[in-house]
Number of protein chains: 2
Amino acid sequence: MRIAILAFDGITALDAVGPYEVLQRVPGAEVVLVGESRGLKRTDTASLAINADRSVSEITSADVIVVPGGFGEQQVRAKPAMLEWVRSIHATTRWTTSVCTGALILGAAGLLKGLAATTHWAALPQLANFGAIPTSARVVEQGKIITAAGVSSGIDMALRLAGRIAGDTMAHAIQVGIEYDPQPPFDGSHQRAPAPVMAILRDFYTRRGLMTE
Amino acid sequence: MRIAILAFDGITALDAVGPYEVLQRVPGAEVVLVGESRGLKRTDTASLAINADRSVSEITSADVIVVPGGFGEQQVRAKPAMLEWVRSIHATTRWTTSVCTGALILGAAGLLKGLAATTHWAALPQLANFGAIPTSARVVEQGKIITAAGVSSGIDMALRLAGRIAGDTMAHAIQVGIEYDPQPPFDGSHQRAPAPVMAILRDFYTRRGLMTE
């Protein structure tokens, strides 16, 4: 079973590495990081780089594709050849998935028309631009397309997917293996966050162009 | 504020990238991945590589060090020069931290003597070999030394640390920014895991030498 994870400059590292850490533990899985070209892809702050071991021209099919997000997704979306690649891989998959603003890439590729989908809460309204139905949920399944909310939600999405692929006992073992027994220090919901917390985030995402004022 | 994250062949990617994703969002933080030498470091399954942008010889101090784990930590521990580097950086830090079996590196460097500490549940008894007090908790703080449990626990550890560095409002904003509002599909505790789940894990960790029969 081949699992392809898209990598690009401006990726959010955890969007890719959360699902990677889960899915590479699925028995028989062969995970490959795929970029427009081979080589290092830097995160949006440029302080971490992950390697694309293969270029899109080398990968023509996959059982699972994971499309991560990050501020660099806008550049991916602007390239017709990359959207065509996503569509062509999707035609071969058992599961097509996204994390965070990776859903906007799936949307731009035309794969979310008429479907419920999620993404990072700050980008959720944008899904409507692609004919999707913005849905505030951590993971949304619509047939073989699974979208996850922001960044860390890729872990939850991948564990659910591991259950579909390898059964719940194996997926449960993977969760205990990565000791995913969360004890976050704060309430992680943006809907319940206090005003000073949301003020910081609104400022950040407005400056980065993800939210409009 | 310089935050150094150790990278090595055989690293568990999420051990490093969980804390990275949190700490690079701390205002004023400059995160750097540091390896014995510069260049790509492959995870234990070899299917993902992250880049060490600096070598240990280039980094002589840090405000925060994060020591991740993974099966490759045994090779790090076997190198006196690497342990000496960890000790020398520790002498300059405000916070010295580990995730998963990274605690065994801190232990081998002699930094955990007489201290409560945690690591991946499968490796917990090994901490006693270094004079530490094995402590089953997700995050353990002892003065400036903070150890976290397995893999995904580095996210919780880093959020607590972000609160210490930048205050709780900022740390809360970081948590909402990475949408860390977990909805794991299973119970993540190894203590409560059903026998068939633990059988899979005991087999896996025994074959990898982390647990003894």
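Taken together, A:Ala108, A:Ala91, A:Ala116, A:Ala49 contain a single residue that is touching a Ser or Thr at 6+ places or on another chain (Cβ under 8 Å) and open to solvent by 20 Å² or more (accessible area, probe 1.4 Å), which is A:Ala116. Scanning the stretch B:185-211 for residues that are open to solvent by 30 Å² or more (accessible area, probe 1.4 Å) and not in a helix (DSSP H, G or I) turns up B:Pro185, B:Phe186, B:Asp187, B:His190, B:Gln191, B:Arg192, B:Pro194, B:Arg208, B:Gly209, B:Met211. Scan the stretch A:175-183 and give yes if some residue there is farther than 14 Å from A:Arg25 by Cα and touching an Asp or Glu at 6+ places or on another chain (Cβ under 7 Å), otherwise no. Within the stretch A:175-183, one or more residues are farther than 14 Å from A:Arg25 by Cα and touching an Asp or Glu at 6+ places or on another chain (Cβ under 7 Å).
Checking A:Trp85, A:Trp95 one by one, the residue that is in the same structural domain as A:Ser136 (by TED's automatic domain parsing) and over 15 Å from the mean Cα position of the chain (by Cα) is A:Trp85 and no other.
In the set (1) within 14 Å of another protein chain (Cβ to nearest Cβ); (2) in a helix (DSSP H, G or I), A:Ala81 fails one condition alone, (1).
All of (1) away from chain A (no Cβ under 14 Å); (2) surrounded by fewer than 18 Cβ atoms within 10 Å (Cβ to Cβ) hold for B:Arg54 with one exception: (1). Residue under question is A:Ala78, and the condition is that it be in contact with a Leu (Cβ under 6 Å, 6 or more places away or on another chain), free of Cβ contacts under 8 Å to residues at least 24 places away in the same chain and under 24 Å from A:Gly209 (Cα atoms); does it hold? In short, no. Comparison of B:Gln142, B:Gln191 shows that the only residue that is over 19 Å from the mean Cα position of the chain (by Cα) and more than 7 Å from every other protein chain (Cβ to nearest Cβ) is B:Gln191. Based on this model, can you work out whether A:Asp15 counts as among the acidic types (Asp, Glu), farther than 21 Å from B:Phe204 by Cα, open to solvent by 10 Å² or more (accessible area, probe 1.4 Å) and in the same structural domain as A:Ala81 (by TED's automatic domain parsing)? No: the conditions fail for A:Asp15. Can you find even one residue in the stretch A:105-115 that is of a type in the set (D, E, K, R) and in a helix (DSSP H, G or I)? No, the conditions are met nowhere in the stretch A:105-115. Within the stretch B:128-141, being part of a loop (DSSP other than H, G, I, E, B) and either outside the structural domain of B:Val64 (by TED's automatic domain parsing) or surrounded by fewer than 23 Cβ atoms within 10 Å (Cβ to Cβ) (or both) holds for B:Gly131, B:Thr135, B:Ser136, B:Ala137, B:Arg138.
Scanning the stretch B:142-163 for residues that are assigned to a strand (DSSP E or B) and open to solvent by less than 10 Å² (accessible area, probe 1.4 Å) returns B:Ile146, B:Thr147, B:Ala148. Among the residues of the stretch A:19-36, those identified as of a type in the set (A, V, I, L, M, F, W, C) and facing chain B (nearest Cβ under 7 Å) are A:Val31, A:Val32, A:Leu33.
Number of residues in the stretch A:164-184 that are open to solvent by 30 Å² or more (accessible area, probe 1.4 Å), within 7 Å of chain B (Cβ to nearest Cβ) and part of a helix (DSSP H, G or I): the value is 2. The combined condition, being farther than 20 Å from A:Arg164 by Cβ and away from every other protein chain (no Cβ under 14 Å), is fulfilled by A:Thr60. If you check A:Gly28, A:Gly39, A:Gly10 for being touching a Phe, Trp or Tyr at 6+ places or on another chain (Cβ under 6 Å) and surrounded by fewer than 24 Cβ atoms within 10 Å (Cβ to Cβ), only one passes: A:Gly10. State yes or no: is B:Ala122 in contact with a Gly (Cβ under 9 Å, 6 or more places away or on another chain), under 28 Å from B:Arg207 (Cβ atoms) and more than 8 Å from every other protein chain (Cβ to nearest Cβ)? When the stated conditions are applied, B:Ala122 passes them.
The values are calculated or read from the model by the stated rules, or taken from the named source; none is laboratory data. As the structure is a computational prediction, the values presented were derived from the model and not from experiment. A quick note on method: Cβ atoms are made from the backbone with ideal geometry, for glycine too, and the neighbour counts reach across all protein chains shown. Just the protein is used for accessible areas: all its heavy atoms, side chains included, with ligands, DNA and RNA removed. Shrake-Rupley method; radii C 1.70, N 1.55, O 1.52, S 1.80 Å.
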